[in-house]
Amino acid sequence: MTKSQFEARDAHFSKILLAIAGLLLMLIAGVIFVKLVYNGDFKSAREQTQAADLKRFPQPQPGHFTAESLLQLRAQEKTELESYDWSDDDHTEAKVPIERAIEIYEAHHAQ
């Protein structure tokens, strides 16, 4: 019998099973890797990063400010925004009220 130039009609089940086994193995390895990264051995590195962030950024302290101190702070900020003052000791730069600064900016950029 001569060899045919066409494909064989029978499927090679061993190759199909080998491909399926390889895909399942890759899937399982991927799941294990994701679990390790997010929940497992790499957790200590994430905790170290979080600890470093806590040192850099202090935790808020509830109750540190009273209502009276917040009112005083807002009054001080309002005074600074609404008054004229010198920015430096040499009197070369001046602070102007915010409303006046907006007017000057708009007049300058309207041209």
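We did not get these values from a lab; they are worked out from the coordinates using the rules stated. None of these values were measured; they are calculated from a predicted model. Here Cβ is always computed from backbone atoms with ideal geometry, including for glycine, and neighbour counts include all displayed protein chains.
What are the residues in the range 75-111 that are assigned to a helix (DSSP H, G or I) and charged (D, E, K, R), if any? Break it down stepwise before answering.
So the first thing to find is which residues in the range 75-111 are assigned to a helix (DSSP H, G or I), and the list is 75-81, 98-109.
77, 78, 80, 99, 100, 103, 106, listed by residue number.
Tell me, yes or no, whether the range 67-74 has at least one residue that is more than 32 Å from the chain's Cα centre (by Cα), exposed (fewer than 10 other Cβ atoms within 10 Å of the Cβ) and not in a helix (DSSP H, G or I).
There is no residue in the range 67-74 that is more than 32 Å from the chain's Cα centre (by Cα), exposed (fewer than 10 other Cβ atoms within 10 Å of the Cβ) and not in a helix (DSSP H, G or I).
Taking the range 76-111 on its own, how many of its residues are surrounded by 10 or more Cβ atoms within 10 Å (Cβ to Cβ), out of contact with any helix residue (DSSP H, G or I) (no Cβ under 9 Å at 6 or more places or on another chain) and among the aliphatic types (A, V, I, L, M)?
Looking only at that region, the number is 4.
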